[in-house]
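Q: Dropping a structure here in structure tokens format, bear with me for questions.
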Amino acid sequence: MDLVRAGDMRLLQAGSALFTRGEAELLALHPQLPSNLYYFPGNMYDYGTAERQYVTVHLAAPGRLYVLLPEETAEPRWLREQFFKVREPLYGVKVRLPARWKLGGLESVMQKLMMHSAAERILVYKSKRLYRAGDVVHLGGLPTARFADNMYVVCAALDGGGGPGGEDSNADAAKAAAAAAATAQLVTGCDEWGMWLTRLLKSIRRNRVEDARALLDTDTWRQRLARGGALSWLPPEEVGLGESPLTSDLAATNNNVEMLALLVVHGHCQLSFRGVRLLVRRWEEVPAKDGGALELLLNYIRHCSRPLSTVACTLMALRWEVELRDRARTSSSQELRVVLRRFQELQVVLLEGLADVARTGGPDGSSSMGLAWLSGVLDPPQSPPPLSLGDYSPMRIAFEDRDFGFMASAVAEAYTRQKWLGVSYLLLTPRDGSRELTLLDPLVLHTVLHKLGLVDEGGVLSYLSETVARLWFLAWVVPAAFVASPRGRWCMRLLAGVCFIVLYNELLVMDPESEITSIVTLGTVLCLWLFGNLVEAVETVAAAYGGRLAKYISANPQEFFFLLCDALLLSLGVSYMRAITSTATIPLVIFMRLTLVWCSLAVPVFLKFLYMLVPLFQRLGPLLNTVYNMMQELVAFALPFAAITSGFATSYYTVHVALPGGEPMAFVDVMLMFFSAFLGSFDLHQWDDLPNPELRIFGITLMVVYLIIAGILLANLLIAIISYKYRPDQVAAQSVFGLAEVVDRHQIQVDCAMLCSPFCLLQLPFRVLPRGSRPAILPYTFYRLGLPPLEGFRPAAPHMATVPTGRDAVPQLLFHLTLHLVMLAAAAVAYFMLSPFLVVRFGLVGHRRVLDRLWGGPGSAGGGSGKGDGVPGGTTRKGSVSMASKGGHGGRSASGAGSSGGLSGSFGSDDPRPGLQRGDVRDPWKNVGSFCTLQGLPRLASLVGRVMAAHVVGLVLVLALGLMLFTAGSLYVWAASTMLALYNVLYEPLTRFGTTSRRAAYRWRRGLQQWRKRRTAVADNSITSPKDDRTSTDGGSDIGTKAESVDDAASDAGSTAASVGGEGKPARRRPTMTASQVAQRWNTLTKGAAQQRQRALTSGRYLTRQQVEHAVLRVFGLGWEAAARAEGADAANASGGATAAASTAAALRPRSAAVRGRAPASGPIVRFGSGVDDATSVHMHYSPHLNIKALEEQQAGRDLQALSRMASEAASAAAAAVAAEVSGAAVGGPAAAAVALRSAAAGDGAAAAAVVLPGEAAQEEPAPAGSVRAVDRAGGARSASAGLAGQGTTTRLSDDVQALAEALCRPLQEQLQQIQAALSSRLEAQAVELGQLHEAVGALREVMDASLTRVLDADEMEQRRRSVLARAYGDENY
């Protein structure tokens, strides 16, 4: 503890050392500071102190305190409460004092890394009040202890008046009164939005929750909220460098959860992931008056336009917090686990609703939910980085958290499988499976073969031919769309992996002595291949993860492990090559070890290839995940196993080494012996030869005990742990998740124009080329050349209107040079392997189809080729049904192999026309014997000849198809595709070079023309006069300038301008553009409009408010219905309909069955946490709207209060009547008194009955205050009437009187119940009608907004198109 006296304080001036060891020196003062400012230096060694009374100041005279705080240091709470920042009076800029810092080496480096500015300056804080003599002020420490924090300096300035009663004290009192008046006018003085927003942001930054709450209760905010103004985003001038533009992040930065809840609930601010992390981390501290953490998040999900992203972020924050609490063991995570399970259920329900929307249409009435829409919902673009929760990608979060439940949904699976095929391929194959003669069907070749009779409708041959047809379609028709898909990139990786495995195995089996040249060649190729793997990893980290290696490792641990193996294999390969070529001298022992490690790395090489086959085999991914999880558990199991085995081995080794007669063994051998015993290989008789029997008994006993502990207990524990990791119920979800990871990894390559190793090495030299695009060639141009539309069919795929050029076209060129050839060769080989079966099928059965189509006949329907033609998935084939000639019965002529109709038509048909069949249902082999007769031999010879001829025709047909489609045709298509890809690669650099050359040539020609004009002018100078010379020179200069401008415009427009001479003046022509430039400009506009539509899809609402509320209600219970409706009533009240909304909200609140006067509705009451996950504390503390019982009790209390007032009025009237009767009975005699007494008793019973109405409610709820007063009034009336009845006479109510009272009370009770039931039903009906009208209005509003947006977009596109065409063709009235 240091004691600083007033005399020890120093005057603050330029050059003052602010800290005890001279860490900072003040360079200059500010005019706002007083001249008599004294300070005592701060101590840097007190960094991070959390003392609440770190500095105690005893004031002997009136004065103020000042605190000098470095700018990068976090403001403590006590400083904001007792001091304020000193600002300049004109613009309100903070006063900053320059200082020179003299820190140590490490401290200086840390300060430079943490500071935002080049030199840290010092802020000045001034105390809010003027302290008097004798006051004691306590200043706290700086508990944040960040690396950029420094200690503060305390300064003091005495009051000029010398005492509290001087002028300065009076001025300070006036300032205090003015400040109090300003604080009182904080709520009423906020008339302007700018002033209101400034005060609110100031309150948020200073953690003044009550001031912010008061500002949010003003009319300024209510009017702004009614007009739709948002408070979510900060003004641009309030956002600093590197800061978040969200208002809620101001509270999250200060770790003020109360302020954050206030902004979200009452300010309707958007949340960031940082804010959600704060809410989850301080879950129990969220104020109950703001609904608690759970209700706050659920309300936010109900109102946000992208609930899936919000739920995904909440799940990620909950998982992180649960893991953090379990690891730190500082607080319980049970409640968060329950909430986590509920939010997972909510995500499943929302995904089901999204699947319904994808099937039926969106909220705006659209019914086309394709891959682009799914991509905008599930995986929106993350560039620029997301800010609010709705900007995050649920797919990215599922990848990070390995959320198999998300991938198990139908929407995620459909999106993954569609993305695997590629956008272009899906658009180019919309007729897949229709079996039509169109290039939009991948089975068009199979349809041709079927129509020619080469394949049947089903069976093995049809399946194999379909496979060949799809492979041919990929290689022949859509090669560009195939390579621009994740599937195409994966196929190239598979090809590279197979080649690498072959190369690696070939290198391992070679003899280093006899095949050294081949080893060096293959080794060099292998090392380059491994280096390509490293290059590919670097490109992936730079493109997908922004250069963050840690994020890449955490997201892909298996890939990082394989990358390390590749790096080790590369280093070993280089060392191996240097050793066998004698470039480096390596000892034989080290060379042998290198060879052993080189060969042992074959295991990860083949394991990497196994991971590569995940998309090919569906169940391979879950099995590999299970093995990976088992390996993790095995690592955790290795520690206790190693400790126990080491303990037994140490005991055995020590005894046998120390005692004579033991069995000398190395410690490693002892460990191996016990490990073999754990695996089941042990022998208890191995110690029988020992001379010492005690050692033999010791060894047997030790081994038996070890087998009991390790072989039985630990082994079964390991089996149980490994069995727990195998989850058969998650196989499907894990399969989809594995496929999604592969798709995402290869989609990055498609988007960034990358390839796998070793193709990435071949792509490196082309990185210097520019990137660009050109208009795609129309399909008709390819048709004229006998080619398929190699650059897409534009009516089916409008986005393929442009083709990438430059370095972006290199992957397509490498594909044509490698994988495309393999695909064409594989299709040709598969086709020619099937060709014998096609020929046989055509010769036996298929030729009849051709004959039927050529000649036609009865039942062939004119030989027309139908649309479906009897193939699977199509309609019935025309001409396949023939009418019988007798009996009027129709029979279908068989067209497949082995059909009875075909055989009967062949053998027993009397129709002279060949190939026609008759639908005969008789036995086809019945007339076979007739062919063995003399008369049947000619028929048999005719049949055999026809079959042989059909085989010959089928052979010719198959060879012709093979020649046109699989050999010469394939080579032609491959050559055209390769040349086109090469043209695309060279298009951009050659175009730019040509443009530059034309501009340079034009400048040279223009300079030459100007030089010639100047030379001609000099030559004519001697002939013309000075005046004429000056005139002609000026005119020539003007003409040259005009011609030059015309030529410039023509050159810029890409066309030439013609000049027509007329009186020495060239005719100027409007610049025009070429057709290619018009198409490119139009494609650019179309692409921009498509991007705008994509952004609109990404930011739009894909689930309606009712769907989200239904999902929340389904997961979290019925209490949310009351909360939502009550909120709707509050909104209606704020907009002006206070009375109607309040009555509607009251009618919609749940009531008990006793108050309604009828039995409760059947069905269980759904509450949050019911069942196995019962955790009522989740919503009982901070979620009042979720407690249905409390709502019912409150409403029942209100109803009983109303009934009590009615009962009190009835009791008062009854008492008055009784008093009148008793007064009359006093005159009439005892008989009248008895009647009056009975009447009083009846009135008392009626009053009592009115008090307990209804009877069932009296058992559940205590009687309200009104009912007690009613009983008191009835008792007073009864005592008054009894006093008037007689002197000293005590009368009891008999059973008859009580029965009479009940009979008189019953009609009133029934009438009240009927009235209440009628009112309740009417209010409920009105509430239902209002809810339906509200939903209808909301749906109509969404539809109108969507329609208006589409109309505006179409109008804008039309205007742009007109302007482009007008500029292009020079017609302003186009």
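The values are calculated or read from the model by the stated rules, or taken from the named source; none is laboratory data. This is a predicted model, so every value here is computed, not measured. Note that each Cβ is placed from the backbone with ideal geometry, even for glycine, and that neighbours are counted across all protein chains shown. Heavy atoms of the whole protein, side chains included, go into the accessibility calculation; ligands, DNA and RNA do not. Shrake-Rupley method; radii C 1.70, N 1.55, O 1.52, S 1.80 Å.
Q: Go over the candidates LEU963, LEU955 one by one and state the one that is surrounded by 16 or more Cβ atoms within 10 Å (Cβ to Cβ), modelled with pLDDT of 90 or more and closer than 16 Å to LEU834 by Cα.
A: So the residue among LEU963, LEU955 that is surrounded by 16 or more Cβ atoms within 10 Å (Cβ to Cβ), modelled with pLDDT of 90 or more and closer than 16 Å to LEU834 by Cα is LEU955.
Q: When only residues in region 592-646 that are over 29 Å from the mean Cα position of the chain (by Cα) and of a type in the set (Ser, Thr, Tyr) count, which is surrounded by the most Cβ atoms within 10 Å (Cβ to Cβ)?
A: Once the filter is applied, the top-ranked residue is THR645.
Q: Find the residue count for region 595-646, including only residues that are part of a helix (DSSP H, G or I) and farther than 30 Å from VAL705 by Cβ.
A: So the count comes out to 27.
Q: A further question follows. What is the one condition in (1) part of a helix (DSSP H, G or I); (2) open to solvent by less than 80 Å² (accessible area, probe 1.4 Å); (3) among the hydrophobic types (A, V, I, L, M, F, W, C); (4) farther than 30 Å from GLY488 by Cβ that VAL668 does not satisfy?
A: (2) is the only condition that VAL668 fails.
Q: In addition: Name the residues in region 287-328 that are of a type in the set (D, E, K, R) and either surrounded by fewer than 23 Cβ atoms within 10 Å (Cβ to Cβ) or within 30 Å of TRP373 (Cβ to Cβ) (or both), would you?
A: LYS289, ASP290, ARG302, ARG306, ARG319, GLU321, GLU323, ARG325, ASP326, ARG327
Q: Considering only helices (runs of 4 or more DSSP H) fully contained in region 441-531, which possess at least 3 residues that are open to solvent by 50 Å² or more (accessible area, probe 1.4 Å) and closer than 25 Å to VAL840 by Cα?
A: The qualifying helices (runs of 4 or more DSSP H) are 460-476.
Q: Now for a different question. Quick one: count up the residues across region 275-286 that are open to solvent by 20 Å² or more (accessible area, probe 1.4 Å) and in a loop (DSSP other than H, G, I, E, B).
A: Qualifying residue count for the region: 1.
Q: Restricting attention to region 132-157, and to residues there that are within 26 Å of VAL93 (Cα to Cα) and modelled with pLDDT of 85 or more, which single residue is most open to solvent (accessible area, probe 1.4 Å)?
A: It comes out as ALA156.
Q: With respect to ARG1012, determine if the residue is part of a helix (DSSP H, G or I) and surrounded by 11 or more Cβ atoms within 10 Å (Cβ to Cβ).
A: No; evaluated as a whole, the condition is false for this residue.
Q: Shifting gears a bit: Of the residues ALA732, ALA677, ALA740, ALA715, which is touching a helix residue (DSSP H, G or I) at 6+ places or on another chain (Cβ under 8 Å) and either under 30 Å from MET492 (Cβ atoms) or of a type in the set (S, T, N, Q) (or both)?
A: Exactly one residue qualifies, and that residue is ALA740.
Q: Here are GLY772, GLY738: which of them is in contact (Cβ under 8 Å) with a residue 60 or more places away in the chain and within 20 Å of the chain's Cα centre (by Cα)?
A: GLY738
Q: How many residues, within region 744-786, are within 23 Å of LEU421 (Cβ to Cβ), of a type in the set (A, V, I, L, M) and part of a loop (DSSP other than H, G, I, E, B)?
A: The number of residues fulfilling the criteria is 4.
Q: If you don't mind, another one. Determine whether GLN1298 is more than 30 Å from THR1104 (Cα to Cα), surrounded by 11 or more Cβ atoms within 10 Å (Cβ to Cβ) and either modelled with pLDDT of 75 or more or under 45 Å from the mean Cα position of the chain (by Cα) (or both).
A: No: the conditions fail for GLN1298.
Q: Being crowded, with 19+ Cβ neighbours inside 10 Å and over 23 Å from PRO615 (Cβ atoms): is that true of PHE682 here?
A: no
Q: Moving on. Tally up the residues in region 471-508 that are among the polar types (S, T, N, Q) and closer than 30 Å to ARG794 by Cβ, please.
A: So the count comes out to 1.
Q: Here's something else I'd like to know. Only one residue in GLU75, GLU71, GLU51 is farther than 23 Å from HIS30 by Cα and either out of contact with any Cys (no Cβ under 7 Å at 6 or more places or on another chain) or in contact (Cβ under 8 Å) with a residue 24 or more places away in the chain (or both), so which one is that?
A: GLU51
Q: Still on this structure, please answer the following. Could you tell me which residue of region 5-16 is farthest from TYR152 (Cα to Cα), considering only residues that are of a type outside the set (A, V, I, L, M, F, W, C) and either in contact (Cβ under 8 Å) with a residue 24 or more places away in the chain or open to solvent by 30 Å² or more (accessible area, probe 1.4 Å) (or both)?
A: Only one residue tops the list, namely GLY7.
Q: Give the number of residues within region 17-61 that are among the charged types (D, E, K, R), part of a loop (DSSP other than H, G, I, E, B) and open to solvent by 30 Å² or more (accessible area, probe 1.4 Å).
A: 3
Q: State yes or no: is GLY92 open to solvent by less than 40 Å² (accessible area, probe 1.4 Å) and in a loop (DSSP other than H, G, I, E, B)?
A: Judged against the criteria, GLY92 is a match.
Q: Applying the selection to region 40-99, what residues are hydrophobic (A, V, I, L, M, F, W, C), within 43 Å of the chain's Cα centre (by Cα) and closer than 16 Å to MET151 by Cα?
A: Correct list: ALA50, LEU69, ALA74, TRP78, LEU79.
Q: Go through region 389-421 and give me each residue that's surrounded by fewer than 21 Cβ atoms within 10 Å (Cβ to Cβ), not small (Gly, Ala, Ser) and not in a helix (DSSP H, G or I).
A: ARG402
Q: Quick check on my filter: what residues within region 207-221 are over 34 Å from the mean Cα position of the chain (by Cα) and of a type in the set (D, E, K, R)?
A: Result: ARG208, GLU210, ASP211, ASP217, ASP219.
Every residue, every condition in (1) open to solvent by 20 Å² or more (accessible area, probe 1.4 Å); (2) under 24 Å from LEU439 (Cβ atoms); (3) assigned to a strand (DSSP E or B), yes or no:
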site: MET823; (1), (2), (3): no, yes, no
site: ALA826; (1), (2), (3): yes, yes, no
site: VAL829; (1), (2), (3): yes, yes, no
site: LEU838; (1), (2), (3): no, yes, no
site: ARG848; (1), (2), (3): yes, no, no
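Q: If the Cβ limit is 7 Å and pairs must be 6+ apart or interchain, which residue in region 955-975 that is farther than 15 Å from LEU790 by Cβ pairs with which residue that is polar (S, T, N, Q) and surrounded by 14 or more Cβ atoms within 10 Å (Cβ to Cβ)?
A: VAL958/SER835; GLY962/SER835
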